[in-house]
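The structure appears right after this line, and notes come after that.
The values are calculated or read from the model by the stated rules, or taken from the named source; none is laboratory data. No experiment lies behind these values; they were computed from the predicted model shown. Ideal geometry is used to build each Cβ from the backbone, glycine not excepted, and the neighbour counts take in all protein chains shown.
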Amino acid sequence: MSNSKSKRVIIEPVTRVEGHGKVSILLDENNKVTQARFHIVEFRGFERFVQGRPYWEMPVLVQRLCGICPVSHHLAAAKAMDKIVGVDKLTPTAEKMRRLMHYGQMFQSHALHFFHLCSPDLLFGFDADPKIRNVIGVAIKYPELAVQGVMMRKYGQEIIKATAGKKIHGTGAIPGGINKNLSIAERDVFLKDLKQMLEWSKGALKIAKDYTVANLDTLKPFGSFDSNHLSLIRKDGAMDLYHGNLRAITADGKKIFDQVDYSNYLDYIAEEVKSWSYMKFPFIKSLGPKKGWYRVGPLARVNTCDFIDTPLAEAARKEFMAVTGGRPNNITMAYHWARMIELLHSIEKIDELLHDKDLQGTNLVVKGQRRNEGVGLIEAPRGTLFHHYKVNDDDQVVMANLIVSTTHNNEPMNLAVQKVAADFIDGVPNITEGLLNRIEVAIRAYDPCLSCATHAMGKMPLKVTLFDYQGNEIASKTKE
Amino acid sequence: MSKPKIATASLAGCFGCHMSILDIDERILKLIELVDFDKSPIDDIKEFTGRCAVGLIEGGCANEENVRVLQDFRKHCDILISVGDCAIMGGIPAMRNNIPLKECLDEAYLNGPTVHNPENITPNDKEIPLCLDRVYPCHEVVKIDYHLPGCPPSADTIWQALVALLTNKPLELPYELIKYD
């Protein structure tokens, strides 16, 4: 509870309406921010209610965690189930089909975030009229760009449909493999539009890069702070969004741990529970909850990897790293640029895979010696996604532990909110439109998937209520 | 004549139904010509600006806020549609209905293998809404006019239903579009 001299500011994103997340800020008598919190207000209880279900349901069941990147949950669960059925290596066709599905997912999700969600901020500015600063505004003012966004998302969704059977909540991956290959006819449809997608991806990357470079002085301190970074990494240090080992680095790029087999993640990661959020706060055990928090997602992945194994994205990564002189980039708003590097990387990977004959192979599933425990990790669009299951001899799940991508960014999103609140609200007794916008922009950089409503469409209608120290409402402002 | 308005909401669901709306792809531009969007996550409108012809509800009711939002939609929409499994039946989130809520909370915040919780707390701050005892489908809370089944319903299902309702045509969906997955 607040002390008698403090004011309480509540910023509710879509949540009062959609019930997902909100911000509260406490001010002291001089209107200085003493506390700012980003509350996650939804709880569903997957870890408990999947218990008792047969393990082979998991890849289909748990992807209902999220309709925005269902493929990530589908594949993380499938990777865990591979372990349960005793399979450590898939057939080339199965692994490449899953990879294609995943890069299709990455492509559609990043395109959705950039064009539908963040481009209005970039194109119109943080202080633009909120009436036009949305995807419909983009469609009216920049129809060509809006169409590009729609068509890129569609391309990714069609790849998912061809590999998973359905655009949302497909069934392609099964324990030990995949249930279909890619026909020549299906492949040729994607090859036809590939060049266009590559061009548009380069264009999107250019927009993000030019914007960041041109506004670097403003963006550098905006909701920014030094942090650790975590991601999966390939054995040779390359970025790998489908599979790899865990690497964590400090803000300066020093390795905290490297090439850790993710089956041993319990030795490295824990999650703190706090009373004011349904989302837990992960941290690296050796550093403890105070210092061990880290960021995941595009920014972390570009920072942790030694290189990207596709030429255009690698050239883009070098440009990106040059801005910070090779040191990891800790600028929160640089997430957007990193995300577009990955968009380009994903389409380059799709290009590679479509030209791989293994996709037409017919050897789809492997069988092995049954086990009772499996861990599956993947780099989802928003960051490293952990699925861990234990299964009894009757094939029922008896334990499930899920650390979803956005959860890793819980502390960083809170810090971004605190930073923006402190920078823009300190000493200001009123809640300004600019503050509302900026808090929204800082959270959005992480592309959080907790409040899908907020995150998916890009607009967080905010309501802020200001209370005096006796708890009386003294002002209220809604951003239309 | 001004265009009819539609509103959308996501309650306890995964947002997949809203994604399926987006999967109408290029037809989004046609949809913008056909309707004005009122309260919806796809725009900035937080409070209803007037009466809406159609309200689309994704997700069931799992906490007190979900109920309040749903009731508000019923009040403002002529036609209210449950879109997808969660809105119609509670869906996957309703799998917790056979389990005491406390067990679900304990698993997530006390028992999980990565949990670090020296004080043994379960989230309970007044800033976060209370969970309901179970997950309720929308028609158990308010009157629902139509149900579009699927997890999620396909983009074509949503498109054809919307266009029919908005142009006063009979709503005739072939079996392929309304079968459950």
Open item on the list: If I filter the stretch B:54-66 for residues that are among the β-branched types (Val, Ile, Thr) and buried (at least 21 other Cβ atoms within 10 Å of the Cβ), do I get at least one hit?
Closed with: yes
The correct count of residues that are over 22 Å from the mean Cα position of the chain (by Cα) and within 8 Å of chain B (Cβ to nearest Cβ) in the stretch A:24-50 is 4
Sole miss for B:ASP125 among (1) surrounded by fewer than 20 Cβ atoms within 10 Å (Cβ to Cβ); (2) at pLDDT 90 or above; (3) in contact with a strand residue (DSSP E or B) (Cβ under 8 Å, 6 or more places away or on another chain); (4) of a type outside the set (S, T, N, Q) is condition (2)
Screening A:TRP293, A:TRP276 for residues that are within 14 Å of chain B (Cβ to nearest Cβ) and modelled with pLDDT of 95 or more leaves only A:TRP293
Those residues of the stretch B:77-126 which are touching a residue at least 40 places away in the same chain (Cβ under 8 Å) and part of a strand (DSSP E or B) amount to B:CYS77, B:ILE79, B:LEU80, B:ILE81, B:SER82, B:VAL83
A:ARG327 fails exactly one of (1) in a loop (DSSP other than H, G, I, E, B); (2) within 22 Å of the chain's Cα centre (by Cα), namely (2)
Here the qualifying pairs (Cβ atoms under 9 Å; residues six or more apart or on different chains; first in the stretch A:252-270 and within 14 Å of another protein chain (Cβ to nearest Cβ) and farther than 25 Å from A:PHE225 by Cβ; second among the small types (Gly, Ala, Ser) and assigned to a strand (DSSP E or B)) come out as A:TYR262/A:GLY376; A:SER263/A:GLY374
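Can you pull out every residue in the stretch A:46-60 that is outside any strand (DSSP E or B) and of a type outside the set (D, E, K, R)?
Hits for the stretch A:46-60 are A:PHE46, A:PHE49, A:VAL50, A:GLN51, A:GLY52, A:TYR55, A:TRP56, A:MET58, A:PRO59, A:VAL60.
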Could you check, for the stretch B:131-150, whether at least one of its residues is surrounded by fewer than 16 Cβ atoms within 10 Å (Cβ to Cβ) and either under 28 Å from A:GLY52 (Cα atoms) or within 12 Å of chain A (Cβ to nearest Cβ) (or both)?
yes
Residues in the stretch A:61-91 that are outside any loop (DSSP other than H, G, I, E, B) and either in contact with a strand residue (DSSP E or B) (Cβ under 9 Å, 6 or more places away or on another chain) or under 30 Å from A:GLN418 (Cβ atoms) (or both) total 16
Restricting the stretch A:165-221 to residues that are among the polar types (S, T, N, Q) and away from every other protein chain (no Cβ under 14 Å), the one surrounded by the fewest Cβ atoms within 10 Å (Cβ to Cβ) turns out to be A:THR218
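Can you pull out the helices (runs of 4 or more DSSP H) entirely within the stretch A:133-219 that have at least 1 residues that are closer than 22 Å to A:GLU314 by Cα and under 25 Å from the mean Cα position of the chain (by Cα)?
Numbers: elements: A:135-141, A:143-164, A:184-214, A:216-219.
Counting at least 1 such residues, we get A:143-164, A:184-214, A:216-219.
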Here the residues within the stretch A:266-300 that are buried (at least 21 other Cβ atoms within 10 Å of the Cβ), in a loop (DSSP other than H, G, I, E, B) and among the hydrophobic types (A, V, I, L, M, F, W, C) are A:VAL273, A:MET279, A:TRP293, A:VAL296
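Given the options A:GLU352, A:GLU314, A:GLU348, A:GLU379, name the one that is of a type in the set (Asp, Glu) and within 26 Å of A:THR407 (Cβ to Cβ).
Sole residue among the options that is of a type in the set (Asp, Glu) and within 26 Å of A:THR407 (Cβ to Cβ): A:GLU379.
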Of the conditions (1) more than 17 Å from A:GLY137 (Cα to Cα); (2) in contact with a Pro (Cβ under 6 Å, 6 or more places away or on another chain); (3) more than 7 Å from chain A (Cβ to nearest Cβ), the single one that B:GLU65 does not satisfy is (3)
- Message: Going by what's in this entry, would A:ASP309 be described as in contact with a strand residue (DSSP E or B) (Cβ under 6 Å, 6 or more places away or on another chain) and at pLDDT 95 or above?
- Response: yes
Of (1) out of contact with any Pro (no Cβ under 8 Å at 6 or more places or on another chain); (2) at pLDDT 90 or above; (3) part of a loop (DSSP other than H, G, I, E, B), A:GLU42 satisfies every one except (2)
Log entry, pairs with first residue in the stretch A:134-154 being in contact (Cβ under 8 Å) with a residue 40 or more places away in the chain and more than 9 Å from chain B (Cβ to nearest Cβ), second being of a type in the set (Gly, Ala, Ser) and in a helix (DSSP H, G or I), beta carbons closer than 9 Å, six or more apart or on different chains, reads A:GLN148/A:ALA111; A:GLN148/A:GLY203; A:GLN148/A:ALA204; A:MET152/A:ALA111; A:MET152/A:SER201; A:MET152/A:ALA204
The stretch B:1-76: helices (runs of 4 or more DSSP H) wholly inside it with 1 or more residues that are at pLDDT 90 or above and among the acidic types (Asp, Glu) are B:64-76
Note on the stretch B:127-162: residues more than 18 Å from A:LYS274 (Cβ to Cβ) and either among the small types (Gly, Ala, Ser) or in a strand (DSSP E or B) (or both) are B:LEU132, B:ASP133, B:ARG134, B:VAL135, B:TYR136, B:TYR146, B:HIS147, B:LEU148, B:GLY150, B:SER154, B:ALA155, B:ALA161
Check your understanding: On the given criteria, is B:GLU103 of a type in the set (Asp, Glu), out of contact with any Gly (no Cβ under 6 Å at 6 or more places or on another chain), surrounded by fewer than 18 Cβ atoms within 10 Å (Cβ to Cβ) and facing chain A (nearest Cβ under 8 Å)?
Key -> yes
